[in-house]
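**Student:** My questions all concern the structure below.
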Amino acid sequence: MKPIQVGLLGIGVVGSGTFNVLQRNQEEIKRRAGRGIEITMVADLNVARAQELVGPGVTVVADARAVIANPDIDIVIELIGGYGIAKTLVLEAIAAGKHVVTANKALLAVHGTEIFAAASAKGVMVAFEAAVAGGIPIIKALREGLTANRIQWIAGIINGTTNFILSEMRDKGLDFAVVLKEAQRLGYAEADPTFDIEGVDAAHKATLMSAIAFGVPVQFDKAYVEGITKLGAADIKYAEQLGYRIKLLGITKRRQGDAAKGESDGIELRVHPCLIPAKRLIANVEGAMNAVVVQGDAVGTTLYYGKGAGSEPTASAVIADLVDIARLHTADAAHRVPHLAFQPNAMSNLPVLPMGEVITSYYLRLRVADETGVLAKVTGILAESGISIDAVLQREADEVSADAKVAQTDVIILTHDCQEAKMNAALVHMQALPSVLEPITRIRKEELA
Ligand code: HSE
């Protein structure tokens with residue numbers, strides 16, 4: 001059978017990795033796919049640089065539409081990124097009957113419903129293994145390997161930049177801003193790191209995993225997103241003393257609410273810093289590495305670990321999609337794996353719960369005046385709010401400085417599970433106490449048991 005022909009839109013870090021790995025492993029890949037897979041055309045604004053990367057045997061153009069219009073091209077790889085021109089080109093490629101492989105998590109998390117519907121109508125595949133956790137085959141695992149399971153929850157370290165920053169903060173006892181600067185200097189964080197440090201990149205990935213795990217539409221707009229910019233070295237240190245690590249987690253859970261307590265059924269979809277027990281394997285994922293824990297009813301807990309970014313790790317995922325498409329290219333569309341794992345006519349309308357309805361436990365740090373009765377007032381508010389305390393840690397009071405009237409200290413409280421809305425109300429009351437001297441730090445906690 002003649003090789004399947006691939007057009008590449010954008011040859012940056014991942015594109016060149018894809019080209020190189022395909023060349024290097026072409027014999028092995030052909031033995032797996034049953035036919036050769038060749039990148040025969042590349043579109044990139046920097047034509048000269050692109051031509052140098054791929055050599056004279058590959059046609060290089062500046063206009064991506066020339067790739068889409070080429071009738072010999074069977075698959076288009078979109079590695080441009082973003083929601084703008086990338087969306088237009090993906091939809092045009094689908095309309096032209098091309099299969100699409102993309103690493104563009106932002107595009108699919110926001111416009112996935114439209115894109116998957118267009119692909120289904122046209123009978124083509126849109127494959128996106130590289131969009132979540134880079135080289136870790138988590139989409140394949142969720143969509144196929146765990147297909148027997150009713151998935152209960154997923155929790156993942158799915159952003160390498162923030163995991164690198166948090167690891168450095170813990171190792172060196174430094175605050176966020178200092179480590180971010182260093183990470184940028186070393187090239188671990190982008191010049192504009194907003195999407196990473198504010199949790200947006202992780203939320204795009206969590207949105208995709210949530211849709212595949214529960215058979216719901218992609219709903220990035222419903223995700224709760226909180227980044228790591230407000231974390232301090234003190235909280236990482238206290239968490240450690242209590243047997244926890246702080247990680248930025250993407251979490252999605254199927255929640256069966258207790259109607260008697262006014263809880264509704266739904267899906268939790270959230271990204272935020274989180275205390276997790278230091279003894280969990282995922283708590284020990286350091287540096288820029290990624291890991292995802294999936295809990296299924298039949299299989300129990302499974303863990304997937306690896307590089308979440310980088311040229312060849314991401315290329316590994318892109319090429320896995322190319323091989324899948326090469327194998328299924330001639331199959332009836334009805335026999336292919338559905339884009340979101342569930343048949344399009346069998347999707348669920350289970351709602352994504354607002355953050356106020358999420359149930360989790362909490363770490364609180366209060367900077368208080370070291371006076372009689374402060375702890376009683378704080379714990380009294382929690383009791384009145386129906387929030388049960390799991391542990392309390394009070395540090396020795398600091399020396400009284402010349403300009404302070406009373407000694408100050410940190411009170412750390414771990415709570416049991418409660419509804420976020422209840423915690424929000426209790427925080428307002430605690431913050432209003434005159435003895436609470438600074439904004440209270442609240443970090444959510446998950447046991448991942
Ligand atoms: N910027 C991402 C990260 C990689 O730091 O993990 C691409 O999603």
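No lab work stands behind these numbers, since they all come straight from the coordinates. It should be emphasised that the depicted structure is a prediction, and the values quoted were computed from it without experimental measurement. Cβ coordinates were reconstructed from backbone atoms using ideal geometry, including for glycine residues, and neighbour counts include every protein chain displayed.
**Student:** For a quick check, take a GNM of the chain with Cα springs below 10 Å and name the residue from Met430, Met125, Met41 with the largest mean-square fluctuation.
**Tutor:** In this elastic network of the chain, the residue with the biggest mean-square fluctuation among Met430, Met125, Met41 is Met430.
**Student:** Let me spell out the model: positive unit charges on the Cβ of Lys and Arg, negative unit charges on the Cβ of Asp and Glu, origin at the Cα centre of the chain. What dipole size does that give, in debye rounded to 20?
**Tutor:** Dipole of the chain, to the nearest 20 debye: 940 debye.
**Student:** Can you tell me what share of the DSSP beta bridges in the chain is antiparallel? A percent to the nearest 5 is fine.
**Tutor:** 70
**Student:** What list of ³J(HN,Hα) couplings, whole Hz, do you get for segment 118-134 from phi and the Karplus terms 6.51, -1.76, 1.60, once you set θ to phi - 60° and write x for glycine and proline?
**Tutor:** Result, ordered by residue: 4, 5, 4, 4, 8, x, 10, 9, 10, 10, 8, 3, 6, 6, 10, 6, x Hz.
**Student:** From the phi of every residue in segment 136-146, what ³J(HN,Hα) in whole Hz does the Karplus formula 6.51 cos²θ - 1.76 cosθ + 1.60 yield, where θ is phi - 60° and glycine or proline is x?
**Tutor:** After applying 6.51 cos²θ - 1.76 cosθ + 1.60, I find 6, x, 7, 5, 4, 5, 5, 7, 10, x, 9 Hz.
**Student:** Only Cα pairs within less than 10 Å get springs; with that Gaussian network setup on the chain, which residue of Lys377, Lys122, Lys140 has the largest fluctuation?
**Tutor:** Lys377
**Student:** Would you calculate the separation in nanometres between label points at Ala383 and Ala69, each defined as 7 Å from the Cα along the Cα-to-beta-carbon direction?
**Tutor:** 7.7
**Student:** Would you mind checking the tilt of helix 200-214 against the longest principal axis of the Cα atoms of the chain, expressed as 0 to 90 degrees and rounded to 10?
**Tutor:** Compared with the principal axis, the helix lies near 80 degrees.
**Student:** Another one. For Arg35, project a label point 7 Å along Cα to C-beta. Then give me every residue of segment 314-348 with its amide nitrogen under 14 Å of that point.
**Tutor:** So the set is 322-332.
**Student:** Under 5 Å between amide H atoms, partner at least 5 residues away or on a different chain: which partners does Val126 have, H built in plane at 1.01 Å?
**Tutor:** Counting only residues 5 or more places away or on other chains, the set is Val100.
**Student:** Can you give me the distance in nm between label points at Ala148 and Ser348, each placed 7 Å from the Cα along the Cα-to-Cβ direction?
**Tutor:** 2.0
**Student:** If amide hydrogens are placed 1.01 Å from N in the peptide plane, which non-local residues have theirs closer than 5 Å to the one on Leu8?
**Tutor:** Met41, Val42, Ala43, Ile77
**Student:** Rounded if a/c is under 1.5, else prolate if a/b beats b/c, else oblate: with a ≥ b ≥ c from the C-alpha gyration tensor eigenvalues square-rooted, which is the chain?
**Tutor:** Prolate, since a/c reaches 1.5 and a/b exceeds b/c.
**Student:** Here's another thing I want to ask about it. Can you classify segment 210-256 as rounded, prolate or oblate using the Cα gyration tensor, where a ≥ b ≥ c are the square roots of its eigenvalues, rounded means a/c under 1.5, and otherwise it's prolate if a/b beats b/c and oblate if not?
**Tutor:** Taking the square roots of the gyration eigenvalues as a ≥ b ≥ c, segment 210-256 is prolate.
**Student:** Based on DSSP H runs of at least 4 residues, each adding -39500 (n - 2.57), what is the mean residue ellipticity at 222 nm of the chain after dividing by all its residues, to the nearest 500 deg cm²/dmol?
**Tutor:** Only helices count here, giving -10500 deg cm²/dmol.
**Student:** On to the next question. Taking amide H positions as placed in the peptide plane 1.01 Å from N, state which residues far from Asp390 in sequence (5 or more) or on other chains have amide H under 5 Å from it.
**Tutor:** Residues meeting the criterion, in which the H sits 1.01 Å from N, are Leu414, Thr415, His416.
**Student:** Also, quick follow-up: What order, most packed first, do the peptides 330-337, 156-163 have when packing is the mean number of other Cβ atoms within 10 Å of each residue?
**Tutor:** Descending mean neighbour count gives 156-163, 330-337.
**Student:** Assuming a ≥ b ≥ c are the square roots of the Cα gyration tensor eigenvalues, decide whether segment 303-432 counts as rounded (a/c under 1.5), prolate (otherwise, with a/b larger than b/c) or oblate.
**Tutor:** prolate
**Student:** Taking a spot 7 Å from the Cα of Asp390 along the direction of its beta carbon, which residues of segment 232-263 have an amide N less than 12 Å from it?
**Tutor:** 242-245
**Student:** Same structure, new question: Determine ³J(HN,Hα), in whole Hz, for all residues of segment 406-414 in sequence, where each value follows from phi through the Karplus function 6.51 cos²θ - 1.76 cosθ + 1.60 and θ = phi - 60°; x replaces Gly and Pro.
**Tutor:** Result, rounded to whole Hz: 10, 5, 10, 8, 9, 10, 10, 10, 9.
**Student:** Another question about this same structure. In nm, what is the difference between 0.36 nm times the number of residues separating Gln431 and Asn25 and their Cα-Cα distance?
**Tutor:** 140.2 nm
**Student:** Further question: Show me the ranking of peptides 43-56, 65-78, 88-101 by mean Cβ neighbours inside 10 Å, starting with the highest.
**Tutor:** Peptide ranking by packing, descending: 88-101, 65-78, 43-56.
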